[in-house]
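The values are calculated or read from the model by the stated rules, or taken from the named source; none is laboratory data. Just so it is clear, the structure is predicted and the values come from calculations on it, not from any experiment. Positions of Cβ are generated from backbone atoms using ideal geometry, with glycine treated the same way; all protein chains shown enter the neighbour counts.
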């Protein structure tokens, strides 16, 4: 049976998350470059690059970029948006990267962590980050803030987009934030069997800053700083919308 992340990052994902914009990605990259203190032409790995918004922004900022994702659909979209082939795009599982050491930085953005069932699988992802980094390399993991997420969870939302009804229901259960998504064609005529409803699951395991610090240490990484937003605000366990971890190798 396929895992949820093998099923959910397909064509419908492009519809559900079409509102993500490139300008926002550029602003986030500008801030991250300040935090990482990268030299020009540094080698950067965008781990779980999705449609490649941040990868392209990193290239435009003057870096040599590799984008890795498991989804063939999202990588197809990333390549379409990179007609000059400025980024090296690779399809791979983040637990086993087809890469060797040599990256100045690894970035893992927009809550692309916590997808698996077992803690050791997430620690393996961190070990892979450590393995591909140069000894002086640094990383950023842009993760959700568990307490803020729980306090501000929207149980259900519904919207229309491209003639499709998108219903999203969210719950925190057994240490995971879970979102179920239903997509169906709106205003179908009687007898019209096109566009049968589709259902998807998204699931992220919730880790506190303390738990993340322990996992990083087990993987040979050191946490230097936690930011609470892309604007660079200090992390607050209750008030911060994000938990953005910055660090390097031990």
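Can you name every residue in segment 59-72 that is assigned to a helix (DSSP H, G or I) and either over 24 Å from residue 24 (Cβ atoms) or touching a helix residue (DSSP H, G or I) at 6+ places or on another chain (Cβ under 6 Å) (or both)?
72
Output the number of residues of segment 88-120 satisfying the condition of being without any contact (Cβ under 8 Å) to a residue 40 or more places away in the chain and not in a loop (DSSP other than H, G, I, E, B).
4
Check whether at least one residue in segment 6-17 is assigned to a loop (DSSP other than H, G, I, E, B) and touching a residue at least 60 places away in the same chain (Cβ under 8 Å), and report yes or no.
yes
Please state which one of 159, 138 is surrounded by fewer than 17 Cβ atoms within 10 Å (Cβ to Cβ) and part of a strand (DSSP E or B).
Only one candidate passes the filter, namely 159.
Among (1) free of Cβ contacts under 8 Å to residues at least 60 places away in the same chain; (2) surrounded by fewer than 20 Cβ atoms within 10 Å (Cβ to Cβ); (3) under 13 Å from the mean Cα position of the chain (by Cα), there is one condition residue 68 misses while meeting the rest; what is its number?
Condition not satisfied by residue 68: (2).
Taking strands (runs of 3 or more DSSP E) that fall entirely within segment 194-250, which contain at least 3 residues that are closer than 18 Å to residue 177 by Cα?
198-205, 242-249
In the list 123, 181, 172, which residue meets the criterion of being in the same structural domain as residue 211 (by TED's automatic domain parsing), touching a residue at least 12 places away in the same chain (Cβ under 8 Å) and either under 22 Å from residue 4 (Cβ atoms) or assigned to a strand (DSSP E or B) (or both)?
Exactly one residue qualifies, and that residue is 123.
Search segment 18-38 for residues being at pLDDT 90 or above and assigned to a loop (DSSP other than H, G, I, E, B), and hand back the single one that is surrounded by the most Cβ atoms within 10 Å (Cβ to Cβ).
Here the residue is 38.
Condition (residue is assigned by TED's automatic domain parsing to the domain that holds residue 98, touching a strand residue (DSSP E or B) at 6+ places or on another chain (Cβ under 9 Å), part of a loop (DSSP other than H, G, I, E, B) and modelled with pLDDT of 95 or more) applied to segment 146-156: is it met by at least one residue?
No, segment 146-156 contains no residue that is assigned by TED's automatic domain parsing to the domain that holds residue 98, touching a strand residue (DSSP E or B) at 6+ places or on another chain (Cβ under 9 Å), part of a loop (DSSP other than H, G, I, E, B) and modelled with pLDDT of 95 or more.
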